[in-house]
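Quick notes on the structure that follows.
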Amino acid sequence: MRIIGLAGWSGAGKTTLLTKLIPRLVARGLRVSTLKHAHHSFDIDQPGKDSHSHRLAGATEVLIGAASRWALVHELRGEAEPTLPALLAKLAPVDLVIIEGYKREAHPKLEVYRATVGKPLLHPEDPHIVAVASDNPLPQARVPVVSLDDVDAIAEILLKHAVPLRAAISHHPASV
């Protein structure tokens, strides 16, 4: 299993890019998973559903299964947020895991950048950024820059720079 990240400020287009990238990578025969960081509380459960009621009643975990998919919801209930390596370890083995967010973590990342967001480039401050996908030329960049519209070139960059999960975890401070 190899990992690569997409990093950028909110509104830069990371999720939109992912929805274009995943089908292209799957069409190449790759099994792809994603891991998304949320900076806020989130709820994938729906009020009124039994699983939601189980969780609100105090269940630590609720496992929902059906013929088409299953989902596990784990309530932290005051525990610390899991580290990136701990979350990656919960995924089933696939060819490639694309991490959306976790921009301050030490894994290789493609920066998604739009000047209209009004935030600075993460590169060159982050040495783990291997390239930038942008809607404008960035002559100041010290890494390759590719157009946000060139999904095939972005896919090539992700595959070229993805690292084995074991290598990424061994360099994480919380895992040593």
Integer Hz, Karplus 6.51/-1.76/1.60 couplings in order for the stretch 7-19, x for Gly and Pro: 10, x, 6, 4, x, 6, x, 4, 5, 4, 4, 4, 5
13 Å beta-carbon shell around Ala92, net charge (K/R +1, D/E -1): +2
Residue order for Trp9, Trp70 - accessible surface, 1.4 angstrom probe, largest first: Trp70, Trp9
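To the nearest 500 deg cm²/dmol, what mean residue ellipticity at 222 nm is calculated for the chain from DSSP H runs of n ≥ 4 alone, each contributing -39,500 (n - 2.57), summed and divided by the residues?
Working: 5 runs with 43 residues, N = 176.
For the chain, the value works out to -7000 deg cm²/dmol.
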Lys20-Glu156 pseudo-label distance in nm [points 7 Å out on the Cα-to-Cβ vector]: 1.6 nm
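Direction-averaged shadow area of the convex hull around the Cα atoms of the stretch 1-105, nm²?
On the way: hull surface 32.7 nm².
Mean shadow area of the hull around the Cα atoms is 8.2 nm².
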Computed label-point distance, nm, for sites Ala80 and Ala67 using a 7 Å Cα→Cβ extension: 4.4 nm
Relative contact order (%) - criterion: Cα under 8 Å, at least six apart; region: the chain: 34 percent
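The values are calculated or read from the model by the stated rules, or taken from the named source; none is laboratory data. Keep in mind that this is a model prediction, so the values were computed, not measured. Here the Cβ is made from the backbone with ideal geometry for all residues, glycine too, and neighbour counts use every protein chain on show. Ligands, DNA and RNA are excluded from the accessible area calculation, which covers all protein heavy atoms including side chains. Shrake-Rupley method; radii C 1.70, N 1.55, O 1.52, S 1.80 Å.
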